1. Using alpha carbons only, how many degrees (0 to 90, rounded to 10) separate the axis of helix 9-19 from the longest principal axis of the chain?
2. Can you give the calculated 222 nm mean residue ellipticity of the chain, where each DSSP H run of n ≥ 4 adds -39,500 (n - 2.57) and the sum is split over every residue, rounded to the nearest 500 deg cm²/dmol?
3. Along each principal axis of its Cα atoms, how long is the chain end to end? Whole angstroms, biggest number first, please.
4. I'd like the orientation of helix 80-89 relative to the chain: the angle between its Cα long axis and the longest Cα principal axis, in ° from 0 to 90, rounded to 10.
5. Taking the Cβ of each residue in 8, 33, 167, 55 as the centre, tally the other Cβ atoms inside 10 Å and list the residues starting with the fewest.
6. Between residue 49 and residue 163, what length comes free when the chain is fully extended (0.36 nm per residue of separation minus the Cα-Cα distance, one decimal in nm)?
7. What are the semi-axes of the equivalent ellipsoid for the range 133-207, taken as the square roots of 5 times the Cα gyration tensor eigenvalues, largest first, in whole Å?
8. State the antiparallel share, in %, of DSSP beta bridges confined to the range 110-207, rounding to the nearest 5.
Ligand code: PRP
Ligand code: URA
């Protein structure tokens, strides 16, 4: 699996705010918004463009439009904190939604909602989820997408664990990963170490 680590100093600084246990919910959400802009910007670097001759007020020149804006798919809850910023950066994009909650005992994803276009053939898809831990939630989401014909999926994650990357690589899914950090490992409870804790709770409070 191709992995792009966005280790720009600005990304590292926002991630540090998110990691810091002293950061409150509002500041955590703001830092995730800002980090999302950087991750999406890099994820779109090779996006295909359509050219068109346009007129500026001064002269004719080449103009560029996105040829294939991706479908954005935030994974609820935590991925919701990336959705608006990604959409602001790619206003042409459409959005689908997947709702999953990881079972704290088994670490398996429990699905509770999905709202996706029926046909994703030929459409790039960006899955937005701050955390790639065991990789179970991301694998579940990608299988929903490939079941609808998607063959070009990008997982956009603030943090990734080596275990999750290995899981996705071995599943041989058509996915690349864009992340700000590959952390050390998972702990016995399935949390990323050093990580940032529970990304849903850090944004919205514990449920
Ligand atoms: C978190 C996170 C991912 C998942 C990652 O969500 O946002 O979706 O865990 O873990 P995995 O790689 O081991 O599957 P969680 O299930 O805690 O739900 P939430 O977003 O509602 O907090
Ligand atoms: N989900 C989270 O929110 N945090 C982790 O560290 C692992 C899974």
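1. For 9-19 against the chain, the angle is about 30 degrees.
2. Counting only the DSSP helices, I get -10000 deg cm²/dmol.
3. 61, 38, 28 Å, listed from the longest principal axis down.
4. That helix lies at roughly 10 degrees to the long axis.
5. Numbers: 8 13, 33 16, 167 19, 55 9.
So the ranking, lowest neighbour count to highest, is 55, 8, 33, 167.
6. Details: separation 114, 0.36 × 114 = 41.04 nm, distance 3.47 nm.
My answer for the length gained is 37.6 nm.
7. Numbers: eigenvalues 103, 42, 24 Å².
Sorted largest first and rounded, they come to 23, 15, 11 Å.
8. On the way: 2 of 15 bridges.
Percent antiparallel among DSSP bridges in the range 110-207 is about 15.
Every number here is computed from the coordinates shown, using simple stated rules; none is lab data. Everything numeric in this text was worked out from a predicted model, so none of it was measured. Quick reminder, even Gly has a Cβ in these numbers, built from the backbone with ideal geometry, and neighbours come from all protein chains shown.
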